[in-house]
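Only the coordinates and a few stated rules stand behind these numbers; no lab work does. Worth saying up front: this structure is predicted, and the values here are computed from it rather than measured. Heads up, the Cβs are rebuilt from the backbone with ideal geometry, glycines too, and the neighbour counts pull from every protein chain shown.
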Amino acid sequence: MIPGQDRMPLVSVVMSVLNEQPYVAAAVRSILAQTYDNFELIVIDDYSTDRSIKICMGFADPRIRIHCKTTEPKGPAASRNIGIGMARGQYVILQDSDDTCAPARIEKQLELALENPRRRVVGCSIRRVENGREIVQIMPATHEQITRGFRRLYNRATIVSGTILAPTWILRRVPYRVRFRYMQDWDHMLRLYESGQVEFCNCPQPLYNHFIRPKGSHLKQGWLDNNIFVRNCQARRRRGLEEFRTIEGFFEHLRRHPVERIRWLGLRELLRGYRRCYRTAVNFFGARAGARAGVGR
């Protein structure tokens, strides 16, 4: 029996919502249907202009807490920091507002987390759905296997950042950074690893249903620019150098340093090529082939 039943919530689910009217009800229902019920669901409204938050308010469940931003920064990084700050649980688990999860998700991930309760960050395998086609992606299980991916050029996502359950204290110590328009989650994952204070693992079961939408950030130009910016920040930290505070400062530096410009913009074009391979594989051969060709973080 997992401890924490009938007391202060042991787990806080944090969900940022921005104009997800078609999907958010399914996301909330999948959380409320969990086999483990000693949790709270913290919904952060990221300035939605549709009915998303009204839909969330329509669930008559006392475990749901809703915070609507007023003057706080926009974006999922700021929303997650707000939710983590509000959390009453010893653990935070993330949930995207356009995805769903299996009923046993919290139970299974929490069981693994409690084996090393102060340090363990637990993700899970996923069921990836795109264009009506589905593939199960089994993620590597151990810390060594997962962190090996952090040092690769592509297919680095050996743990899906949006699936993690982690001790609340470490997420407060290593917050998300709002400087990135995209890739905030991967920057956060890298800095958790670099903190030396966590152990990563994945549940082998596909407990998270990840829907690839046409609006997905990986289809946008800004995603590529932020991708190389995050990589540059990681490289500078490894060398003991100060990071560029903004993406504009990073690109201004590249304009003045042609050798570095060739390196980083060349990497951007390489990633663009991988993205094209991914799209081609999905369109012609289906989601399974696309997953093999796809670029990670």
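Table for the structure above
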read-out	value
Cβ-based exposure ranking for Ser48, Ser195, Ser79, Ser16, in which fewest neighbours within 10 Å come first	Ser195, Ser48, Ser16, Ser79
Semi-axis lengths (Å, descending) of the ellipsoid that matches the C-alpha gyration tensor of the chain	30, 21, 20
Amide H contacts under 5 Å for Arg120, placed H, 5+ residues apart	Glu199
For Ser30, net neighbour charge (Lys/Arg +1, Asp/Glu -1) across residues whose Cβ lies under 15 Å away	-2
Solitary cysteines of the chain, where the nearest other Cys Cβ is not under 4.7 Å	Cys56, Cys68, Cys101, Cys201, Cys233, Cys277
Residues Met139, Met8, sorted so that the one with the fewest Cβ neighbours within 10 Å comes first	Met8, Met139
5 angstrom amide H check on Ser125, placed H, neighbours 5+ away	Met139, Cys203, Gln205, Leu207
Value of relative contact order over the chain, rounded to a whole percent, pairs C-alpha under 8 Å and six or more apart	18 percent
Whole-Å semi-axes of segment 1-119's equivalent ellipsoid (Cα gyration tensor)	24, 16, 12
Cα-Cα P(r), segment 131-230, percent of pairs per 10 Å interval	13, 43, 37, 7
